[in-house]
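Everything below concerns the one structure shown next.
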Amino acid sequence: MTNLLEVKNLEVSFKTFGGEVQAVRNVSFHVDKGEIVAIVGESGSGKSVTVQTIMGLIPTPPGKVKNGEILFQNKDLLKLSKREMQKIKGSKISMVFQDPMTSLNPTMRIGKQIEEGLIVHQKLSKTEARRRAVEMIRLVGIPNAEERYNQYPHEFSGGMRQRAMIAIALSCNPELLIADEPTTALDVTIQAQVLDLMKDLKEKTNTAIILITHDLGVVAETAERVIVMYAGMMVESGRVNELFENPRHPYTWGLMESIPDTNAAHKSRLVPIEGSPPDLFSPPKGCPFAPRCKYAMEICLSEMPPAFEIGEGHHSRCWLNDPRAPKVENEVAAGREKQ
Ligand code: SF4
């Protein structure tokens, strides 16, 4: 596999009246061609700021990229002019947002909205763009494509609008699709359909996808690799199978315990993660999860844990992975045994 995107040591801050918020701290990851990488974490974990920085959507000021590189096909996106970035956005990298109603133009027919990018980026004639727009409506599973082409967003259901957004995002055959909580506003059935659609499109078009979510259930269903973010940092990352089988960070354990088990014979209580994330005006010197972690040791408060390598491509920033740390039972595995 070849790296399509490589984010290296990214640091992003926002200046506010209260001081500087360190929203993304030393984040590094890559995305290969045609793979789905999920970034998961609570609100404020830095996942959306990370992808917005990739798309050049951070308002500066108050935002500022303080350090790092974002290499897309070996070009640093942070060094491109606005014009160069504009060319890449929509043609090589596209984004789907959580709420299609705020991203779709309510006064414009869906078909015309799909055509826009095709005419601007792909230089298609009006007739060709129309043919392609109808094809895209069909591709994302919207029935009666010809008829739907002429309708407005308010005539579409929530799931259909999200499909239309995906059609717009994929119309120019991007190499990378960034989907920021694309199913959060949808009910479970439609959510499953949209996720299936994304997986299917990835197979058909070989588009790589970065999927932002707060839901590990969605990750398990969709992604190949996962990055768990907390307080602006990557705390655990690895292949989905490996990380679900052998999670090695107490925060990941907490996230996994809060996934509802729809197959369980009896109703089990979901376990919330007590407490709240740290203040990112002055993040703690040590592990940012320490105030919420029942395993916190002295070293956790004074020293930032390094990224311990657990297995190939599997890393965890937790002192419990140090050979000198006391042995702690993996809570998720223990829970599975009890069932
Ligand atoms: Fe808990 Fe310490 Fe691991 Fe942080 S480094 S998650 S405080 S055990």
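Given 292, 324, which one is under 28 Å from the mean Cα position of the chain (by Cα) and modelled with pLDDT under 95?
The match here is 292.
Please go through the stretch 244-255 and give me each residue that is within 12 Å of the ligand (Cβ to nearest atom) and in a helix (DSSP H, G or I), ordered by number.
Answer for the stretch 244-255, where residues must be within 12 Å of the ligand (Cβ to nearest atom) and in a helix (DSSP H, G or I): 250, 251, 252, 253, 254.
Across the stretch 231-243, what is the number of residues that are closer than 22 Å to residue 288 by Cα and in a helix (DSSP H, G or I)?
Taking the stretch 231-243 and keeping what is closer than 22 Å to residue 288 by Cα, we get 231-238, 243.
From the residues that got through so far, the ones that are in a helix (DSSP H, G or I) too are 243.
Qualifying residue count for the region: 1.
State which residue is farthest from residue 102 (Cα to Cα) when the search covers only the stretch 139-163 and only residues that are surrounded by 15 or more Cβ atoms within 10 Å (Cβ to Cβ) and without any contact (Cβ under 8 Å) to a residue 24 or more places away in the chain.
145
What number of residues within the stretch 102-138 satisfy the criterion of being among the hydroxyl-bearing types (Ser, Thr, Tyr) and crowded, with 16+ Cβ neighbours inside 10 Å? Break it down into steps so the answer makes sense when it comes.
Narrowing the stretch 102-138 to residues among the hydroxyl-bearing types (Ser, Thr, Tyr): 102-103, 107, 125, 127.
From what's left, crowded, with 16+ Cβ neighbours inside 10 Å: 103.
Qualifying residue count, the stretch 102-138: 1.
If residue 184 satisfies all but one of (1) modelled with pLDDT of 75 or more; (2) on the phi < 0 side of the Ramachandran plot, what's the number of the condition it fails?
Against the list (1) modelled with pLDDT of 75 or more; (2) on the phi < 0 side of the Ramachandran plot, residue 184 comes up short only on (1).
Does the stretch 22-43 hold any residues that are farther than 19 Å from residue 240 by Cα and surrounded by fewer than 18 Cβ atoms within 10 Å (Cβ to Cβ), and which are they?
Across the stretch 22-43, the qualifying residues are 26, 43.
If you scan the stretch 4-42, which residues turn out to be among the small types (Gly, Ala, Ser) and within 23 Å of residue 238 (Cβ to Cβ)?
28, 34, 38, 41
For residue 28, state whether it is within 17 Å of the chain's Cα centre (by Cα), of a type in the set (Ser, Thr, Tyr), in a strand (DSSP E or B) and in the same structural domain as residue 179 (by TED's automatic domain parsing). Explain how you work it out, then say what you get.
Numbers: within 17 Å of the chain's Cα centre (by Cα): yes; of a type in the set (Ser, Thr, Tyr): yes; in a strand (DSSP E or B): yes; in the same structural domain as residue 179 (by TED's automatic domain parsing): yes.
Against the criterion (within 17 Å of the chain's Cα centre (by Cα), of a type in the set (Ser, Thr, Tyr), in a strand (DSSP E or B) and in the same structural domain as residue 179 (by TED's automatic domain parsing)), residue 28 qualifies.
Going by what's in this entry, would residue 215 be described as away from the ligand (no atom under 16 Å from the Cβ), within 30 Å of residue 122 (Cα to Cα) and surrounded by fewer than 23 Cβ atoms within 10 Å (Cβ to Cβ)?
When the stated conditions are applied, residue 215 does not pass them.
Which count do you get for residues in the stretch 295-309 that are touching a residue at least 24 places away in the same chain (Cβ under 8 Å) and either within 8 Å of the ligand (Cβ to nearest atom) or surrounded by 20 or more Cβ atoms within 10 Å (Cβ to Cβ) (or both)? Spell out how you get there, then give the answer.
Within the stretch 295-309, the subset touching a residue at least 24 places away in the same chain (Cβ under 8 Å) is 295, 297, 307-308.
Going one step further and asking which of them are either within 8 Å of the ligand (Cβ to nearest atom) or surrounded by 20 or more Cβ atoms within 10 Å (Cβ to Cβ) (or both), we end up with 295, 297.
Of the residues in the stretch 295-309, 2 are touching a residue at least 24 places away in the same chain (Cβ under 8 Å) and either within 8 Å of the ligand (Cβ to nearest atom) or surrounded by 20 or more Cβ atoms within 10 Å (Cβ to Cβ) (or both).
Provide a single number: the residues in the stretch 34-59 that are touching a residue at least 60 places away in the same chain (Cβ under 8 Å), assigned to a loop (DSSP other than H, G, I, E, B) and of a type outside the set (Gly, Ala, Ser).
So the count comes out to 3.
Could you please find all residues in the stretch 20-68 being under 20 Å from residue 220 (Cβ atoms) and out of contact with any strand residue (DSSP E or B) (no Cβ under 7 Å at 6 or more places or on another chain)?
Listed by number, the list holds a single entry, 42.
The values are calculated or read from the model by the stated rules, or taken from the named source; none is laboratory data. Being a predicted model, the structure only gives us computed values, none of them experimental. Cβ sites come from the backbone with ideal geometry, for glycine too, and all protein chains shown count toward neighbours.
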